[in-house]
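Chemist: This structure is in structure tokens; I'll ask about it shortly.
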Amino acid sequence: MKKLMIAGAALMVLGAMAVAGGAITIKGSDTLVRLGQRWAEVYMEKNPGAIIQVSGGGSGTGIAALLNSATDVCQSSRDMKEKENKLAAEKGLKAYRVSVALDGIAVFLHEKNPVTELSFAQLKGIYTGAITNWKEVGGPDARIIVYGRENNSGTYAFFKEHVLDEEDFSDFTQTLPGTAAVVNAVSKDPNGIGYGGIAWATGVKYAAVRKGDNDPAIEPTMEAVSNGTYPISRDLYWFFAAKPEGELKKLVNWALSEEGQKVAADMDYVPLPKDKAAANVVK
């Protein structure tokens, strides 16, 4: 898979004219921030006069901004939690969710690490502190250095729910402010392990992941994520405070179009299958 240069966690893109009296703001997931920026760039090229501002900060930060009317679009790598939906309802918001792309949470290893695959049970053991040495999972006799995300990250929440069965991360997990930082740390640490969206991998290798002990180990390829065989696959979302209309509707439907989904693929994100993209188009 083509590797792309990693952009900063906060990005802003400006065009020439306000949309509906002001810029469209997009905020949230650091996993999605590069794609949101690229979508904004291409959309503004096609729609002179549009202004779109894109920033990261994490899915939790984006959802909080949406609930406080501080952003038009929340990018999120996880679904909204029950308490967030409840808070939205209390504020009189009708949160509207659109799947805009797919993603696999890849397990990153140093390129010289001889380990090639890990099971859910092994990952859970590593990230909860029950497994601390690489020799326990087929590697060298060396302490495992564990890197992860901050707790406002949607990737953190998804990994904790689906791989750790909601158990807490080990106190020895070094939390970093974005997938780019995780990848950078693992690329320099022969004993490191990290996780994050597959679009961010550069200078590291993937571990194939096995959900059950008797299941095949699957690498996080675009095909495996698209067909759901990679066991840590997920949807990436845009949330709105209500069903989008006007320029917001035009923007999200363009992102779901064949052209918009090609932009996602060109950025190493996994585009939605055509039928799923069509199902998410705002009517």
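Chemist: Greater than 23 Å separation of Cα atoms is the criterion. Which listed pairs, 27/243; 81/274; 112/160, meet it? Intermediate results must be reported in sequence, preceding the final value.
Modeler: Numbers: 27/243 17 Å; 81/274 28 Å; 112/160 27 Å.
Distance filter (> 23 Å) returns 81/274; 112/160.
Chemist: I would also like to ask the following. Is the C-alpha gyration tensor of region 21-61 telling us rounded, prolate or oblate? Criteria: a/c under 1.5 is rounded; beyond that, a/b larger than b/c is prolate, otherwise oblate. Provide the component values of the computation, followed by the final result.
Modeler: Values: a/c = 4.71, a/b = 1.73, b/c = 2.73.
Oblate.
Chemist: A further question on this structure: What does the convex hull of the Cα atoms come to per residue for the chain, in Å³? List each step's numbers first, then the result.
Modeler: Values: hull volume 33.7 nm³, N = 283.
Normalising the Cα hull of the chain by residue number yields 119 Å³.
Chemist: Further question on the same structure: Can you put 162, 110 in order of accessible area, largest first, using a 1.4 Å probe?
Modeler: Numbers: 162 75, 110 25 Å².
Sorted by accessible area, descending: 162, 110.
Chemist: Per residue, how large is the accessible surface of region 74-154? Use a 1.4 angstrom probe and give square angstrom. Each step should come with its number before you reach the end.
Modeler: Details: 3620 Å² over 81 residues.
Roughly 45 Å² per residue, with all protein chains present.
Chemist: Could I ask something else about it? Would you pull out the residues with amide H under 5 Å of residue 170's amide H, same chain only if 5 or more places away, H placed 1.01 Å from N?
Modeler: It is 128, 129, by chain and number.
Chemist: Return the calculated 222 nm mean residue ellipticity for the chain, to the nearest 500 deg cm²/dmol, obtained by summing -39500 (n - 2.57) across DSSP H runs with n ≥ 4 and dividing by the residue count.
Modeler: Working: 10 runs with 91 residues, N = 283.
Mean residue ellipticity, 222 nm, calculated: -9000 deg cm²/dmol.
Chemist: Using amide H atoms built 1.01 Å from N in the peptide plane, name the residues 5+ places from residue 107, or on other chains, whose amide H lies under 5 Å from its own.
Modeler: Residues meeting the criterion, in which the H sits 1.01 Å from N, are 207.
Chemist: Still on this model: How much length is gained on full extension from residue 143 to residue 166, taking 0.36 nm per residue of separation minus their Cα-Cα distance? Please list the in-between numbers first.
Modeler: Working: separation 23, 0.36 × 23 = 8.28 nm, distance 2.41 nm.
This chain segment gains 5.9 nm when fully extended.
Chemist: Could you derive backbone 3J(HN,Hα) for region 271-283 from the dihedral phi with the Karplus parameters 6.51, -1.76 and 1.60 (θ = phi - 60°), listing whole Hz in sequence and x where the residue is Gly or Pro?
Modeler: Result, rounded to whole Hz: x, 5, x, 4, 5, 6, 4, 5, 5, 8, 4, 7, 7.
Chemist: Extension gain residue 258-residue 275, at 0.36 nm per residue separation less the Cα-Cα distance, in nm?
Modeler: Answer, rounded to one decimal: 5.0 nm.
Chemist: Check the straight Cα-Cα distances from residue 249 and name the aspartates and glutamates below 13 Å, setting aside those fewer than 8 residues away within the same chain.
Modeler: The reachable aspartates and glutamates, counting only those whose Cα sits under 13 Å from residue 249, are 72.
Chemist: Considering only the other residues whose Cβ falls under 12 Å of the Cβ of residue 62, what net charge follows from Lys and Arg at +1 and Asp and Glu at -1? Kindly include the intermediate steps, with their values, before the conclusion.
Modeler: Values: positive: 27, 78; negative: 30, 72, 84.
Value of the local net charge: -1.
Chemist: May I ask you to compute the full-extension gain from residue 121 to residue 245, defined as 0.36 nm times their residue separation minus their alpha-carbon distance, rounded to one decimal in nm?
Modeler: On the way: separation 124, 0.36 × 124 = 44.64 nm, distance 4.48 nm.
Net length gain for the segment: 40.2 nm.
Chemist: By the gyration tensor of its Cα atoms, with a ≥ b ≥ c the square roots of the eigenvalues, what is the shape of region 117-165: rounded for a/c under 1.5, prolate for a/b over b/c, or oblate?
Modeler: Numbers: a/c = 2.80, a/b = 1.85, b/c = 1.51.
Taking the square roots of the gyration eigenvalues as a ≥ b ≥ c, region 117-165 is prolate.
Chemist: Also, quick follow-up: So what is the diffusion coefficient of region 149-283 in µm² per second by Stokes-Einstein at 25 °C and 0.890 mPa s, using a Kirkwood Rh over Cα pairs?
Modeler: On the way: Rh = 17.0 Å.
Translational diffusion coefficient: 145 µm²/s.
Chemist: Starting from the residue with the highest accessible area, list 169, 240 in decreasing order, probe 1.4 Å. Present the calculation step by step, with values, prior to reporting the outcome.
Modeler: Numbers: 169 30, 240 5 Å².
I get 169, 240, largest accessible area first.
Chemist: Under the rule of at least 5 residues apart or a separate chain, name every residue whose amide H is placed under 5 Å from the amide H of residue 175.
Modeler: Answer set, sorted by chain and number: 148.
Chemist: Something else now. Starting at 0 and stepping by 5 Å, how many percent of the alpha carbon pairs of region 65-121 end up in each bin?
Modeler: Final binned percentages: 4, 12, 20, 16, 10, 9, 9, 9, 7, 3, 1.
Chemist: Now a separate question. Compute, for residue 232, the solvent-accessible surface of its heavy atoms (probe 1.4 Å) with the complete set of protein chains present, and express it in square angstrom to the nearest 10.
Modeler: 0
Chemist: May I ask you to give the percent of accessible area on the chain that is carbon plus sulfur, with a probe radius of 1.4 Å? Working shown, then result.
Modeler: Numbers: 6160 of 12370 Å².
Its accessible area is 50 percent carbon and sulfur atoms.
Chemist: What distance in nm lies between label points placed 7 Å from Cα along the C-beta direction at residue 85 and residue 132?
Modeler: 4.1
Chemist: Which listed residue (73, 22, 98) has the Cα farthest towards the positive end of the charge dipole for the chain, taking +1 on Lys and Arg C-beta and -1 on Asp and Glu C-beta about the Cα centre?
Modeler: Checking the options against the dipole of the chain, the answer is 22.
Chemist: Using DSSP loop states and a limit of at most 14 other Cβ atoms within 10 Å to flag GluC sites (Glu not before Pro), what is the longest stretch of the chain containing no flagged site?
Modeler: Details: sites that count: 111, 166, 167, 245.
The reported range is 1-110.
Chemist: Which order do you get for 34, 143 if you rank them by accessible area with a 1.4 Å probe, largest at the top?
Modeler: Highest to lowest solvent-accessible surface, that is 143, 34.
Chemist: Turning to a different aspect of this structure: Which net charge results when you count Lys and Arg as +1 and Asp and Glu as -1 among the other residues whose beta-carbon is under 12 Å from that of residue 74? Numbers along the way, then the final one.
Modeler: Details: positive: 27, 78, 97; negative: 72, 79, 84.
Residues near residue 74 contribute 0 overall.
Chemist: Here's another thing I want to ask about it. What span do the alpha-carbon atoms of region 20-163 cover on each of the three principal axes, reported in whole Å from largest to smallest?
Modeler: 61, 38, 20 Å, listed from the longest principal axis down.
Chemist: OK, next. Could you please report the charge total around residue 271, scoring K, R as +1 and D, E as -1 over all other residues with beta-carbon less than 14 angstrom from its beta-carbon? Walk me through the intermediate numbers first.
Modeler: Numbers: positive: 38, 262, 274, 276; negative: 103, 223, 235, 258, 259, 266, 268, 275.
Neighbour charge sum, excluding residue 271 itself: -4.
The values are calculated or read from the model by the stated rules, or taken from the named source; none is laboratory data. None of the values given here were measured: they were computed from a predicted structure. Here the Cβ is made from the backbone with ideal geometry for all residues, glycine too, and neighbour counts use every protein chain on show. In case anyone asks, the SASA skips ligands and DNA or RNA and just uses the protein heavy atoms, side chains included. Shrake-Rupley method; radii C 1.70, N 1.55, O 1.52, S 1.80 Å.
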